[in-house]
1. Tell me which residues, restricted to segment 36-54, are of a type in the set (Asp, Glu) and either within 16 Å of VAL104 (Cα to Cα) or not in a helix (DSSP H, G or I) (or both).
2. Taking the options GLU109, GLU134, name whichever one is free of Cβ contacts under 8 Å to residues at least 40 places away in the same chain and within 30 Å of TYR63 (Cβ to Cβ).
3. Show the residue pairs that are 6+ apart or on different chains and have beta-carbon atoms under 8 Å apart, the first residue being within segment 37-48 and within 15 Å of ASP27 (Cβ to Cβ), the second being at pLDDT below 95.
4. In segment 103-126, how many residues are over 18 Å from HIS80 (Cα atoms) and surrounded by fewer than 18 Cβ atoms within 10 Å (Cβ to Cβ)?
5. Quick one: would you say SER144 is buried (at least 19 other Cβ atoms within 10 Å of the Cβ) and either at negative phi or not β-branched (Val, Ile, Thr) (or both)?
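The values are calculated or read from the model by the stated rules, or taken from the named source; none is laboratory data. Predicted model only: the values in this text are computed from it and were never measured. Note that each Cβ is placed from the backbone with ideal geometry, even for glycine, and that neighbours are counted across all protein chains shown.
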Amino acid sequence: MMKQLLAIFVVGAVLCAGMAFNVKAEDYSGKTTLENLQAAFNGESNAKSRYEAFAVKADEEGYKSVAALFRAASKSESIHAEKHSTVIKKMSAEPKAEIVKPEVKSTKENLEAALKGETEERDNMYPAFIKQAEKDKESGAVRSFKGALAAEVEHAKFIKQALSELDSWKNSGKEFLVCIICGYMTMDPQLKKCPVCSAPRSKFEVFK
């Protein structure tokens, strides 16, 4: 009897997990590419504002390299927002963003919030948006979404690194390079050209 009850419990747990996953996956379904572009434009515009505020807090708390990271990420997000905006206008629509006042906490908490947002965009939002844009044959949107996704991968990597090495990030010295053409972000000072848009090293802005 106990084995039967355990089996029922396990099956039920798996089904619930599957339902939760499906709900998560459907968060970005049923929308047009234009609606997804507007959502991405709004999200990137707010991320720019949020990271600017996080950089100020990091400076206040003495985390100089974290502040540089947030300033670089803010620049990157602003470029993504502009890219999305351009595609929206080409689709005869007006870009719309509702900027929400950022919730600023400690630098550690701000990094945790940033990592959560970047991970969601990397793993769920942009892949879903790309899939829909490809289905709609909206090549401009596909390029814009893919460019943003490539940068979100790097953002998440650097933010995760900062969280795991937070004490050492109080020192200045870490440099971040942002491609002003597509928003790609790197810590590689030897980079010769952007791996996303092939822009030369001269088109990268340095944050430190």
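1. Of the residues in segment 36-54, the ones of a type in the set (Asp, Glu) are 44, 52.
Across segment 36-54, the qualifying residue is only GLU52.
2. Of the residues listed, the single one that is free of Cβ contacts under 8 Å to residues at least 40 places away in the same chain and within 30 Å of TYR63 (Cβ to Cβ) is GLU109.
3. ALA39/LYS31
4. Residues meeting the conditions: 9.
5. Yes: the conditions hold for SER144.
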